[in-house]
Each structure stands twice: as C-alpha cells, then as structure tokens.
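The values are calculated or read from the model by the stated rules, or taken from the named source; none is laboratory data. No experiment lies behind these values; they were computed from the predicted model shown. Glycine gets a Cβ as well: all are built from the backbone with ideal geometry, and neighbour counts include every protein chain shown. These area figures cover heavy atoms from the full protein model, side chains too; ligands, DNA and RNA do not enter into them. Shrake-Rupley method; radii C 1.70, N 1.55, O 1.52, S 1.80 Å.
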Amino acid sequence: MGSDQSILAEVKDSVLTITLNRPDKLNSFNAEMSEAFLNAVIRAEKADVRSVLLTGSGRAFCAGQDLGDRDPRKMTAPPDLGHTIETYYNPVLRRMRSLEKPIVCAVNGVAAGAGANIALICDIVLAAKSAKFIQAFSKIGLVPDSGGTWSLTRLIGEARAKGLALTAEPIDAETAASWGLIWRAVDDDALIDEATALVGKLAAGPTLGLGMIKQAIQTASDQSLDEQLDLERDLQRTAGKTADYAEGVTAFLEKRAPEFKGK
Ligand code: T3D
C-alpha cells in the first residue's frame, strides 16, 4: 500500500484508517501518494472492513495537488492535468462515493484544493474548529476538481458554491457546519477521539443496512419521488432479509444491545 509511507492504512476492529502522511508538504498529493491513496480506498472494499476513517498527519488535512511537481519553470510544455484527474482523482472519488460502507473524514487542519473536495465526498465530515476549507483552484487559474463543483452545489447551493469557488476565500469549520457543508465542527483536541468513536460505532453497526442508506440518500436528488419510493421498497426488502435485521428486532424485544455482524 505504498512503500513510501505517504499513505498509512491500517485495519483494526473492522475500521480501515487511512492517513494522508506527507506532513512537510501539508499532505499534498504527488503521483506516488495518489496511487497509494487509490490502493487504500480499493482496500476498503474488502469484507473485513466495515467503515473507514480518513484523516491527515501533522497540522494540515491536505493541500491538494503537490504544486512542486507542476513548476512551469521546469517544463517545456504545459502539463496535461486531465491525465492526473483521469488516472487518480476521478477513480478514487468514484470509489469513495460508491463504497457500500460509511467513510468518516476527520479534517484535522487546512483542507485546500483537491484536499477539500476529497473531504467533502466522505459520508460524515467532522472538522477541528481550527480547520479551514479552501477552494484554492481559482487562485492558480484552475477549476475545482475532485467533485468540488458537484459536492458544493448539492451541499450548500449555487450562491455559496460560486462564492467559495470564485473567490477561493477560506471558510472555517464552524461556518462550514452552519452552512451544511460538513456534519460537525469539534474542538481540536477532541477531533480524533470523536471521529474514532463514531467510525467504531458505525463498524459495529448493521453495515449492510448502512451501505444501503448511503446508496438511497445519494440517489435521492437524481430521482423522482416515485422512483425513490420504489428504491426504498427494494432496499427494505433486501434489508429485511439480513441477519442484522433479525438480530436488531430480537435484541429490541429481549431488551438487550444488538450484536450486528454486517451480514
Ligand atoms: O494534476 C493536477 O495538478 C490537477 C489537480 C489539481 C488539484 C489541486 O488540488 S489544485 C490546488 C493545489 N493546491 C493549492 O493551490 C493550495 C496551495 N497551498 C496553499 O494555498 C497554502 O499552503 C495553504 C492555504 C494550504 C496553507 O497555508 P499556510 O500558510 O498554512 O502554509 P504554507 O506556508 O503556505 O505552506 C507550508 C508548506 O507547505 C510550504 O512549504 P515550505 O515553504 O515550508 O517549504 C508550502 O510550500 C507547502 N505547500 C503547501 N501547499 C502545497 C505545498 N507544497 C506543494 N504543494 C502544495 N499544494
């Protein structure tokens, strides 16, 4: 999973923790790290993983693409940025969105450029109160990528999406939470404990059902009510046949805590 250690990935108690780990470069992505990150997200698809925690090392969450690798003074022709996006960012974003398990993101510090949008594609985003989200792209003549135009517009609407993307103004975690861009802003020193508790609780939950909830909510804005009602019926039919549903109802009737297995 990346012998260079730019991505740390560890499975413990059914939780895959992925840590962006180039702290001296604010965890910005070079090619090796992008490849290792994609492999880590693919690892999450295996059956022994029931939820995922994504965070960063050091003072930043992620500063997006490593601009040291994009120095025009060292190039004879403009780079093909579409190639990086096609090869790394788009595959990883697609896999995160379609992963049938919850991904919790603990934004431990600044999240800029692709770093911000990788956080925003996660299912539940907690951020340290000192963290900032920056759509940094327009400062260097680029366009938000990694799903930014899509996530921002859906989460906070066109007016705020345009404001953030066109100005590249940072917003702090509490503002992001109050706008509905993220789930919650938490005290810096409580972030990892809170995120770890949440992701552990999800991993011990009825994870097939949680995967179906993720699917249904993601589908909702593209469907009519009729289509969504049909989808809910179909998913509920599937959920009703899981061992976890039987365990959940039995535990309720026996007045005890359920023991879900993700089956
Ligand atoms: O393939 C493609 O290229 C297409 C894909 C594009 C996706 C993208 O993400 S494009 C957007 C790239 N990211 C940015 O434009 C953000 C650049 N960074 C910043 O604006 C600021 O560093 C931050 C707002 C993130 C943090 O500011 P601050 O004041 O806390 O820290 P700093 O002093 O600016 O940075 C600290 C160090 O990290 C510094 O290095 P040094 O001087 O200590 O050796 C700085 O150069 C380095 N660093 C920060 N961001 C990047 C970076 N080095 C390389 N690439 C970076 N993105």
**Item:** strands (runs of 3 or more DSSP E) fully within the stretch 13-68 counting 3 or more residues that are within 14 Å of the ligand (Cβ to nearest atom) and touching a residue at least 40 places away in the same chain (Cβ under 8 Å)
**Value:** 60-62
**Message:** Step by step: first the residues of the stretch 236-245, then only those that are open to solvent by less than 30 Å² (accessible area, probe 1.4 Å) and either part of a loop (DSSP other than H, G, I, E, B) or among the hydrophobic types (A, V, I, L, M, F, W, C) (or both), then the one that is farthest from Q215 (Cα to Cα). Which residue is that?
**Reply:** T242
**Asked** Under 8 Å by Cβ, and 6 or more places apart or on different chains, what pairs join a residue from the stretch 110-130 that is outside the structural domain of L164 (by TED's automatic domain parsing) with one that is near the ligand (Cβ under 8 Å from one of its atoms) and among the small types (G, A, S)?
**Response** none
**Prompt:** Cβ-Cβ below 6 Å, separation at least six or inter-chain, first residue in the stretch 198-223 and touching a residue at least 24 places away in the same chain (Cβ under 8 Å), second aromatic (F, W, Y): which pairs?
**Reply:** G205/F260; P206/F260
**Request:** Identify the residue in the stretch 72-91 that is among the polar types (S, T, N, Q) and either near the ligand (Cβ under 8 Å from one of its atoms) or exposed (fewer than 10 other Cβ atoms within 10 Å of the Cβ) (or both) and, among all such residues, is farthest from I118 (Cα to Cα).
**Result:** T76
**Request:** Would you be able to say whether some residue in the stretch 172-190 is part of a helix (DSSP H, G or I) and closer than 30 Å to P258 by Cα?
**Result:** yes
**Prompt:** Is at least one residue of the stretch 176-191 open to solvent by 80 Å² or more (accessible area, probe 1.4 Å), within 30 Å of K46 (Cβ to Cβ), within 17 Å of the chain's Cα centre (by Cα) and not aromatic (F, W, Y)?
**Reply:** yes
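Is it the case, given these coordinates, that L235 is assigned by TED's automatic domain parsing to the domain that holds A106 and within 24 Å of the chain's Cα centre (by Cα)?
Values: assigned by TED's automatic domain parsing to the domain that holds A106: no; within 24 Å of the chain's Cα centre (by Cα): yes.
Here the answer is no, as L235 does not meet what is asked.
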**Message:** Need the failing condition index for A9 against (1) among the aliphatic types (A, V, I, L, M); (2) in contact with a strand residue (DSSP E or B) (Cβ under 7 Å, 6 or more places away or on another chain); (3) buried (at least 22 other Cβ atoms within 10 Å of the Cβ), just the number.
**Reply:** (3)
**Pick from the stretch 119-163, criterion of a type in the set (K, R) and more than 29 Å from G68 (Cβ to Cβ), ranking: nearest to the ligand (Cβ to nearest atom)** = K129
**Asked** Among the residues of the stretch 181-192, is there at least one that is free of Cβ contacts under 8 Å to residues at least 12 places away in the same chain and either of a type in the set (D, E, K, R) or farther than 20 Å from R97 by Cβ (or both)?
**Response** yes
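Among the residues of the stretch 208-215, is any under 30 Å from A127 (Cβ atoms), touching a strand residue (DSSP E or B) at 6+ places or on another chain (Cβ under 7 Å), in a helix (DSSP H, G or I) and among the aliphatic types (A, V, I, L, M)? Even if it seems obvious, please write down each step before you answer.
Step one: list which residues in the stretch 208-215 are under 30 Å from A127 (Cβ atoms), which gives 208-215.
From what is left, the residues that are touching a strand residue (DSSP E or B) at 6+ places or on another chain (Cβ under 7 Å) are none.
Checked against the condition, which is being under 30 Å from A127 (Cβ atoms), touching a strand residue (DSSP E or B) at 6+ places or on another chain (Cβ under 7 Å), in a helix (DSSP H, G or I) and among the aliphatic types (A, V, I, L, M), the stretch 208-215 yields no hits at all.
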**Item:** Residues being of a type in the set (G, A, S), closer than 25 Å to D48 by Cα and assigned to a helix (DSSP H, G or I) - total across the stretch 74-130
**Value:** 2
**Message:** Pairs needed: first member in the stretch 75-90, of a type in the set (A, V, I, L, M, F, W, C); second member anywhere, open to solvent by 60 Å² or more (accessible area, probe 1.4 Å) and near the ligand (Cβ under 9 Å from one of its atoms); C-beta distance under 8 Å; at least 6 residues apart or different chains.
**Reply:** L81/L142
